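Taking it in order: structure first as structure tokens, then the write-up.
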Amino acid sequence: MDIILLGPPGAGKGTQASLLKDEHGMVQLSTGDMLRAAVNAGTEVGLKAKALMEAGELVPDEVVSGIIGDKLDELGSEQGVIFDGYPRTAAQAESLDEILAERGRVLSYVIELSVDEDALVERITGRFTCAKCGEGYHDIFKQPAVAGVCDVCGSTEFKRRPDDNEETVRTRMQEYRAKTAPILPIYEARGIVRKVDGMGSMADVHEAIEAVLSL
Ligand code: AMP
């Protein structure tokens with residue numbers, strides 16, 4: 001089963017994708033994570049993406065669709081995929097249709113995480129992760145049990161995304177409203193959109209997604 005998690009920045013796409021990955025063995029394809037890895041590695045894609053990401057603007061469609069196609073080629077057809085942060089434009093949605101059809105894959109659902117936009121800035125600007133294992137934390141909602149020490153791996157190093165500041169978050173929201181939200185009707189017309197309230201606790205949202213997917 002292949003699914004898309006769709007929602008504005010901070011809606012919890014990455015968190016929910018990672019839960020589905022851990023519990024159901026699905027594969028999480030996050031274009032944001034892949035682009036950040038490319039930026040850190042200094043690859044050609046990373047060089048193209050860096051300034052745009054720092055500004056909160058979208059990276060060109062052909063760049064992200066290219067990396068999605070390449071990643072899918074590394075997977076077996078039986079492995080279910082969660083698209084996290086892709087597609088983000090009508091052109092990407094069109095490319096995804098082609099990419100899936102070429103590989104004999106079928107998109108089962110688009111889960112729309114609905115959220116209160118005012119809460120998103122607080123959610124995003126407070127988040128940080130363990131620099132070693134990637135466990136996610138939050139200044140207000142989820143501090144490590146022992147201050148400054150990762151609950152999972154014991155590391156004392158943490159990091160924040162450079163684009164998780166208020167100004168960039170506002171641009172990312174605008175990009176979402178202008179370019180990403182308009183792709184929903186494409187999937188609504190196919191009857192595969194399921195709306196899930198993204199404002200509940202992590203566990204509640206996860207449960208609601210599992211109910212939609214009958215997992
Ligand atoms: P994310 O981790 O999904 O919030 O993405 C972080 C940043 O990576 C975005 O603000 C964009 O600059 C870029 N990005 C990630 N996915 C895409 C995509 N599908 N299309 C264009 N840009 C993307």
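Observations on the model:
- Ligands, DNA and RNA aside, K50 has an accessible area near 100 Å² when probed at 1.4 Å.
- H138 exposes around 20 Å² of accessible area when a 1.4 Å probe is run over every protein chain in place.
- Working note: Karplus 6.51/-1.76/1.60 with θ = phi - 60° gives the range 11-21 the couplings 6, x, 4, x, 4, 5, 4, 5, 5, 5, 5 Hz, where Gly and Pro are set to x.
- Ordered from highest to lowest accessible area with the whole protein assembly present and a 1.4 Å probe, D97, D2 read as D97, D2.
- Label-to-label distance, F158 versus I140, with points set 7 angstrom from Cα along the beta-carbon direction: 1.5 nm.
- The 1.4 Å probe gives accessible areas that order L35, L58, largest first, as L58, L35.
- Rounded to the nearest 10 square angstrom, K21 shows an accessible area of 90 square angstrom against a 1.4 Å probe.
- Inter-part distance where the range 139-171 and the range 187-204 are each reduced to a Cα centre, Å: 26 Å
- Residues whose placed amide H lies under 5 Å from that of V110, excluding near-sequence neighbours: I4, V193, R194
- Across F158, F83, the residue with the most accessible area heads the list, and the full order at a 1.4 Å probe is F158, F83.
- Cross-link pairs beyond the 27 Å C-alpha cut-off, checked among K21/K48; K13/K179; K21/K159: K21/K48
- Shown in residue order for the range 38-51 are the 3J(HN,Hα) couplings computed by the Karplus curve 6.51 cos²θ - 1.76 cosθ + 1.60 at θ = phi - 60°: 5, 5, 5, 7, x, 6, 4, 4, x, 5, 5, 8, 3, 5 Hz (x for Gly and Pro).
The values are calculated or read from the model by the stated rules, or taken from the named source; none is laboratory data. Every value quoted in this text rests on a predicted model; they were computed, and no experiment measured them. Note that each Cβ is placed from the backbone with ideal geometry, even for glycine, and that neighbours are counted across all protein chains shown. To get the accessible areas, we keep the full protein, side chains included, count just its heavy atoms, and leave off ligands, DNA and RNA. Shrake-Rupley method; radii C 1.70, N 1.55, O 1.52, S 1.80 Å.
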